[in-house]
Amino acid sequence: MPSQIAIGAAVPGCAKVDPILIADNVRRQFGGNVAVDVEHVEIPRGLITALIGPNGAGKTTFFNLLTGFDQPNSGDWTFDGVKLAGVPAFKVARMGMVRTFQLTKSLNMITVMENMRLGAQRQPGESLLRALIKPLWKRNEEEITARAAELLTRFKLDTKSDDFAASLSGGQRKLLEMARALMTQPRLVMLDEPMAGVNPALTQSLLEHIRGLKNEGMTVLFVEHDMHMVRNISDWVIVMAEGKIVAEGPPNEVMKNPAVIDAYLGAHHDTDLGTDKQAKGN
Amino acid sequence: MDLILGNAISWLFQPITAAYALAAIGIALHFGFTGLLNFGQAVFMAVGAYGFSISVKFFGLGFWPAVGVAVIASIAMAFLLGIPTLRLRSDYLAIVTIAAAEVFRFIVSTTSAQPVTGGPQGLNQYSDGFYAMNPIPVGHYKFWVWDFNQDDLFAIAVSWVVVVFFAILLAILIRSPWGRVIKGIREDEDAVRSLGKNVYSYKMQSLVVGGLMGTFAGILFVLPTSVQPGNYGTTLTFYIWTILLLGGASTVIGSIVGAMIFWSLLSLTGDLLSTGVDNGTITFLTQNQVGAIRFILVGVALMLLVIFRPQGIFGNKKELYFNA
Ligand SMILES: Nc1ncnc2c1ncn2[C@@H]1O[C@H](COP(=O)(O)OP(=O)(O)O)[C@@H](O)[C@H]1O
Ligand SMILES: [Mg+2]
């Protein structure tokens, strides 16, 4: 299996057969604290990759940098061959690289359906002048609404369609945020702790959704502390610690890697990588 | 008594009320729908008042070109205020707008600017071009306790046509996909950015459109009266915010009704108090204090409103902004 994903041995920063995202020397410092210092990493296309690591490892910061929400001190990265350094966040999303946030950003005072519609791209009615002439955007709106309704059904939020997002539970908001991201029809989906706070009854179906994305041809990169989920659905695991990539490989092999155990034990001694116990993250 | 009531009721439809309503609709777009803290709506009104009147008086332009100058000046002002602040946290816009309004007022009221702006005296008699378009026959029109001439009626009619036009425009905009993006920005601009929207551009568009409403309000405000620099202080902005919160920040109709209530109440309390002072029933106030006390009463009414109905009269309880 690994031979189909990586070129050569599964070492930190190894090249991939078909990478969709390639980052080089991405470095971000907060004062004296180096939050991210990634020499080289490649994300394989069409697969599910997990980014794991103890709290404060720099995973969220790395997401922020890659998606244009934060600027690195140095570094370069390409998405599908297009250089992204310095590209503003909204353009990154338009290119098909969409992310969710660790702290859910549901748009509380608008309805669940409007949240979803907001994810759609190329709605001409989003331009100030065309907004005034409904016939110019009515058909797009119908198409968008149909697509949104379908996704809401898939995420079991269809009954909440007309409610304000504020009325959803924390887990439902996570689901809404993910569904909304999918409305952009991305090629790469980056999920920052998609399972945190989600009702355990829903986790299984969430896993199925993520597998479904892969079946539809999307690439998924997600941050997660739930080792059960990581082992269950990821094709590849990348481990970060103290801003650096310290290990890579297929899930079962990475969990045995001494560098990984070190990284985790360095931060919290109570995390047992062998069981399904969930490490609390922030 | 009829006179007092008639006076209060006339404030429901005075051009001044229309002007305040329109300015409030502008900040409904800024604050209620986009989340922008514009504490300088007075500057957009001043740009309208001075842009229009200077064009007529100093440059000798006709009515429509003068309106065009005000519109261009308003858009320029929105860019001037927005470019340095809209990428920053929301409080920066608040500081810059409040300061800009004061700076503008100081500049136009200096004596060295007198030849153009009229300095501290301001400007008057620039409305001939406007009243020349009046189709209403010359005469006095009496209803109940009111007595209007043809120009009064024309100013009232035009003012409310303009207000209704912009109210409908805003209602259409906020129900459109454009409005959806705007409301999304109010809730969480990073989320909207992550969905591929150019947040900075939308905030700028909102600032320009809401500012234009302020500018048209400024023109309506001065057409039947005169341009007085003292009118464009922070109190003007404060009254407009009062009206906005009174009616409900994320509504369109709220600004209109808010302006009506605000001005009628001011008139009613003022008239009642001064009658009371005159006929001796109120002994603890002098006539001079009545002007101030009625604003205190309005302030108290606003406090009660924020406590007991924080979403405003027309606001939806779920769309609430005092939830911090
Ligand atoms: N905005 C910020 N300002 C200062 N330090 C930050 C900021 N964001 C993150 N950090 C620091 O960067 C490091 C990495 O944080 P983060 O990326 O959130 O880690 P993770 O998501 O892996 O838990 C931490 O030490 C954190 O304190
Ligand atoms: Mg994190």
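Values in this text are rule-based calculations from the coordinates and carry no lab data. Quick caveat: nothing in here was measured; it's all calculated off a predicted structure. In this analysis, Cβ positions are derived from the backbone assuming ideal geometry, glycine residues included, and neighbour counts consider all displayed protein chains.
Some points to look at:
- For the pair segment B:235-289 and segment A:163-183, the centres of their Cα atoms are 44 angstrom apart.
- Sites listed here are chymotrypsin sites (Phe, Trp or Tyr not before Pro) in segment B:27-110 whose DSSP assignment is loop and whose Cβ has at most 15 other Cβ atoms within 10 Å: B:F58, B:F59.
- Taking Cα atoms only, the orientation of helix A:258-267 departs from the longest principal axis of chain A by about 70 degrees.
- Partner shielding of A:100-109 amounts to 5, given as the average count of beta-carbon atoms from other chains within 10 Å of each residue beta-carbon.
- Applying the Kirkwood pairwise sum to the alpha-carbon positions of the protein assembly as shown produces a hydrodynamic radius of 27.4 angstrom.
- Ignoring lysines fewer than eight residues from B:K142 along the same chain, none have Cα atoms less than 16 angstrom from its Cα.
- Restricting the GluC sites (Glu not before Pro) of segment A:85-169 to loop positions (DSSP other than H, G, I, E, B) with no more than 12 neighbouring Cβ atoms within 10 Å leaves nothing.
- Simple label model, 7 Å out from Cα along Cβ direction - B:Y131 to A:F30, nm: 6.5 nm
- Rounded if a/c under 1.5, otherwise prolate or oblate - segment B:2-320, Cα gyration tensor axes: oblate
- Just so you know, the Rg over Rh for segment B:12-93 is 1.03, from Cα atoms, with Rh as the Kirkwood radius.
- Max mean-square fluctuation residue, GNM over chain B, Cα-Cα springs under 10 Å, options B:V300, B:V199, B:V252: B:V300
- Which listed pairs, of A:K160/B:K203; A:K244/B:K197; B:K183/B:K203; A:K105/B:K183; A:K16/A:K244; A:K174/A:K256, have C-alpha distances above 20 Å, in listed order: A:K160/B:K203; A:K244/B:K197; A:K174/A:K256
- Max mean-square fluctuation residue, GNM over chain A, Cα-Cα springs under 10 Å, options A:N215, A:N33, A:N232: A:N33
- Low-density loop positions, chymotrypsin sites (Phe, Trp or Tyr not before Pro), segment B:129-212 - DSSP coil, at most 11 other Cβ in 10 Å: B:W144
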